[in-house]
1. Report, ordered by the first and then the second residue, all pairs with beta carbons closer than 8 Å, sequence separation of six or more or different chains, a first member in region 1-19 that is farther than 27 Å from GLY62 by Cα, and a second member that is more than 15 Å from ligand 1 (Cβ to nearest atom).
2. If a residue must be assigned to a loop (DSSP other than H, G, I, E, B) and in contact (Cβ under 8 Å) with a residue 12 or more places away in the chain, how many such residues does region 97-128 contain?
3. Of the residues that sit in region 33-73 and are in a strand (DSSP E or B) and of a type in the set (A, V, I, L, M), which one is farthest from ligand 2 (Cβ to nearest atom)?
4. Here are some residues: GLU120, GLU147, GLU142. Which one is exposed (fewer than 15 other Cβ atoms within 10 Å of the Cβ) and farther than 23 Å from LEU22 by Cα?
5. Going by what's in this entry, would ASN89 be described as without any contact (Cβ under 8 Å) to a residue 60 or more places away in the chain, within 16 Å of ligand 2 (Cβ to nearest atom) and either surrounded by 19 or more Cβ atoms within 10 Å (Cβ to Cβ) or not in a helix (DSSP H, G or I) (or both)?
6. Output the number of the condition that GLY126 fails; it satisfies all remaining conditions of (1) over 27 Å from MET1 (Cβ atoms); (2) modelled with pLDDT of 95 or more; (3) surrounded by fewer than 18 Cβ atoms within 10 Å (Cβ to Cβ).
7. Starting from region 166-178, take each residue that is more than 18 Å from PHE124 (Cβ to Cβ) and list its partners that are at pLDDT below 90 and surrounded by fewer than 14 Cβ atoms within 10 Å (Cβ to Cβ), counting only C-beta distances under 8 angstrom and pairs at least six apart or across chains.
Amino acid sequence: MLEVSGLTKRFGSITAVDTVGLEIDEGEIVGLIGPNGAGKTTLFNLLTGIYEPTEGSFSLDGRDLTGLNTGAIAQAGIGRTFQIVRTFNDSTVRENLLPALMFGRGEGLGIPEAREKAMEYLTFVGLADKADEPVTNLTTAERRSVELARALSMQPRIILLDESASGLNPSEVQAFSESITEIRDEYGISIFWVEHIMDAIMGTVDRIIVLHHGQKIAEGTPEEIRNNEKVSEAYFGEVV
Ligand SMILES: Nc1ncnc2c1ncn2[C@@H]1O[C@H](COP(=O)(O)OP(=O)(O)O)[C@@H](O)[C@H]1O
Ligand SMILES: [Mg+2]
């Protein structure tokens, strides 16, 4: 479904993403790991049109999306959340979902219908009781859930999650991991998930891709990645 080929992003002399190729199937949950600075967020920024690739291309359902702007890519079906939470801070929790419900890939709801539909997604992420609170009243963990509900509201084909479980306590991480699986099962949406919390990612994903210095150095089942020497070196070889 998502096909990435030779994707490269250079910032001056730094090659943040270096000829990365990968594929993600419909309904697949794929983890993306790698040490700090490996290029994970930059890869997401390429796949969502925030940066234009220096080289390479990517497509969704056979449609080339390379070089399109963020809005066009979201419309094509790639949703995301952010490593540093970005909610619409002048709005209530519910209002944060309205643009996606009105102008996303769904049926283009009017305001009253969108306000009602928002409750479905807010219930899904466990925030129904906070729907009409200012989003700035929420904890960071809750605002991560608002971002997730907003991404779902676009009715994407795939959601890119950038460290969505960071800052959560262990039971929240567990609940979050379960909701990832539910998103796939209930909505049929694929997930591409960057996460540092290894237990969470290893227990949830079908497959893991490992980046190091911008390059894909490994790919496999959680079990294969756990036993991969190159991966251990990438993580532990750099400890100083
Ligand atoms: N806008 C930018 N300008 C210059 N360098 C950047 C920019 N964004 C990221 N980088 C560099 O690209 C590399 C990869 O960063 P990033 O994608 O944030 O890694 P990760 O998310 O895996 O921690 C790092 O060396 C980072 O400093
Ligand atoms: Mg990052």
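The values are calculated or read from the model by the stated rules, or taken from the named source; none is laboratory data. Everything quoted here is computed from the prediction, not taken from an experiment. Heads up, the Cβs are rebuilt from the backbone with ideal geometry, glycines too, and the neighbour counts pull from every protein chain shown.
1. none
2. 6
3. Among them, the one singled out is LEU60.
4. Within the list GLU120, GLU147, GLU142, the selection yields GLU120.
5. Spelling it out, it is not the case that ASN89 is without any contact (Cβ under 8 Å) to a residue 60 or more places away in the chain, within 16 Å of ligand 2 (Cβ to nearest atom) and either surrounded by 19 or more Cβ atoms within 10 Å (Cβ to Cβ) or not in a helix (DSSP H, G or I) (or both).
6. Here GLY126 clears every test but (2).
7. GLY167/THR140
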